[in-house]
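Undergrad: There's a structure below that I have some questions on.
The values are calculated or read from the model by the stated rules, or taken from the named source; none is laboratory data. Keep in mind that what you see is a predicted model, and the values were worked out from it rather than measured. Here the Cβ positions follow ideal geometry from the backbone for every residue, glycine too, while neighbour counts run over all protein chains shown. Ligands, DNA and RNA are stripped out before the accessible areas are found, and what is left, the full protein with its side chains, is counted by its heavy atoms. Shrake-Rupley method; radii C 1.70, N 1.55, O 1.52, S 1.80 Å.
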Amino acid sequence: MKSEKFDITVYHKGQPVRVPVKISHMNRNCKISAVVDGFEITYIQDPRHDGLYPTCLQKDFDMELLYRIGNEIAKQRLLNNFSF
């Protein structure tokens, strides 16, 4: 299994939020996750919205924040020429 880790910063309610991201590749499968407030949020590809959709929610999170994180992950991946 190959893993990549990086941090992203998103702005939510006018404040910067730093989020650690991990992308794990195993054969043709890919797991994309971010740690928000100590909880791991898993993302899946969402071709309808050209981005990532948050799943596996352990508690109530602000969905706008989670969507911003998914969009930033997708944007970073495109800028760095990585594939999911």
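Undergrad: Below 23 Å, Cα to Cα, which lysines can residue 31 reach? Residues fewer than 8 away in the same chain don't count.
TA: 2, 5, 22, 59, 75
Undergrad: Here's a follow-up. Rolling a 1.4 angstrom probe over the protein heavy atoms, how many square angstrom per residue are accessible across the chain? Don't skip to the answer; put the middle values down first.
TA: Numbers: 5840 Å² over 84 residues.
It amounts to 70 Å² per residue over the chain.
Undergrad: Sum -39500 (n - 2.57) across every DSSP H segment of at least 4 residues in the chain, then divide by the residue count to get the 222 nm mean residue ellipticity, nearest 500. Can you show the working numbers first?
TA: Details: 1 runs with 17 residues, N = 84.
That calculation yields -7000 deg cm²/dmol at 222 nm.
Undergrad: Using only the alpha-carbon atoms, how far is helix 63-79 inclined from the longest principal axis of the chain? Give it as 0 to 90 degrees, nearest 10.
TA: Between the helix axis and the principal axis of the chain, the angle is about 40 degrees.
Undergrad: How far apart, in nanometres, would the label points at residue 63 and residue 2 be if each is projected 7 angstrom from Cα along the Cα-to-Cβ direction?
TA: 3.5
Undergrad: Here's something else I'd like to know. Extension gain residue 24-residue 44, at 0.36 nm per residue separation less the Cα-Cα distance, in nm? If you can, show how the numbers build up before the last one.
TA: Working: separation 20, 0.36 × 20 = 7.20 nm, distance 1.24 nm.
6.0 nm is the gain from fully extending residue 24 to residue 44.
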